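> First the structure, which I've put down as structure tokens, then a few questions once you've had a look.
The values are calculated or read from the model by the stated rules, or taken from the named source; none is laboratory data. From a predicted model like this one, the values you see are computed outputs, not experimental measurements. As a convention, Cβ positions derive from the backbone with ideal geometry for all residues, glycine included, and neighbour counts pool all protein chains shown.
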Amino acid sequence: MIDRRKFVRALALALTGLISSGTKTERAKKPTMQRPKTVAGIALIDSKMARLATELVRDTSPEYLFNHAARTFLFGALIGNANNFKFDFELLYLACILHDLGLTKRFAGALPFEIQGAQAARAFLTDNGLPSDQATMVWDGIAMHPFAIASFKQPEIALVAAGAGADVVGSDLEKIPESAKAAVVNAFPRLDFKHAFCENLRRSRAAVSPRRVAQLHARYR
């Protein structure tokens, strides 16, 4: 699954200023393109709940962050298929597409970004009729995605972490054919994701504090 050392070090570098922060990131545009129905053999979920979640993320996220969320689902599903996991594609989609709500202006707050986002996602999903047990699984997938514990949970949770790790630091990408990786990035371009994402984390002190990153780094070194 996700290489926690690489993931945490990337966050640490972003927050300590070792990743270039001297130039301002141009404000990313909201995603406007109509999404494809299938990418690399993975169907993008089109249930009523999935459409509502997708609309929420489109409305609240810059395009680079929306595309990251979509790639997280596709990479997670591809890794799950490569490992012959059995999982609920809709729940995985909901957790992945909503997993960075805590980094958006509307939902950012005093809690760590993964908890802030998990809380927002569960409230949104239950308000729109998703059963509480399913909403709780989405909460777990989002809240645990930066941590090693996710890899020990059921696939709908573990694959959120795997998909995010694949997109951020390249973990498990060797399990995915080159043609599939290219299809994912072609459908949802990176748009200078690395720089914009790190700048977002660097600005979001409540989302990922330097002290917390140091603690995570010590845990996974």
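> I'd like to verify a number: residues in the stretch 62-101 that are assigned to a loop (DSSP other than H, G, I, E, B), out of contact with any Leu (no Cβ under 8 Å at 6 or more places or on another chain) and without any contact (Cβ under 8 Å) to a residue 60 or more places away in the chain, how many? Spell out the reasoning first.
First, pick out the residues of the stretch 62-101 that are assigned to a loop (DSSP other than H, G, I, E, B): 62, 83-88, 98-100.
Of the ones still in play, those that are also out of contact with any Leu (no Cβ under 8 Å at 6 or more places or on another chain) are 62, 83-84, 86, 88, 99.
Okay, now just the ones that are also without any contact (Cβ under 8 Å) to a residue 60 or more places away in the chain, so 84.
Residues that pass the stated criteria total 1.
> If I filter the stretch 86-130 down to residues being among the polar types (S, T, N, Q) and more than 13 Å from the chain's Cα centre (by Cα), which single residue comes out as surrounded by the most Cβ atoms within 10 Å (Cβ to Cβ)?
The extreme case among them is GLN116.
> If GLN154 satisfies every condition in (1) under 20 Å from SER47 (Cα atoms); (2) surrounded by fewer than 24 Cβ atoms within 10 Å (Cβ to Cβ) but one, which is the exception?
Checking GLN154 against (1) under 20 Å from SER47 (Cα atoms); (2) surrounded by fewer than 24 Cβ atoms within 10 Å (Cβ to Cβ), the one that fails is (1).
> One residue is enough: does the stretch 131-146 have a residue meeting the conditions touching a Pro at 6+ places or on another chain (Cβ under 6 Å), surrounded by 16 or more Cβ atoms within 10 Å (Cβ to Cβ) and not polar (S, T, N, Q)?
no
> Tally time: how many residues in the stretch 133-146 are part of a helix (DSSP H, G or I) and either acidic (Asp, Glu) or modelled with pLDDT under 95 (or both)?
2
> Do we find that ASP127 is under 21 Å from ARG51 (Cβ atoms), free of Cβ contacts under 8 Å to residues at least 12 places away in the same chain and not aromatic (Phe, Trp, Tyr) in this structure?
yes
> Within the stretch 174-197, how many residues turn out to be under 16 Å from PHE75 (Cα atoms) and part of a helix (DSSP H, G or I)?
Final tally of qualifying residues: 13.
> So LEU130 ticks every box in (1) assigned to a helix (DSSP H, G or I); (2) closer than 27 Å to ALA40 by Cβ but one. Which box is left unticked?
(1)
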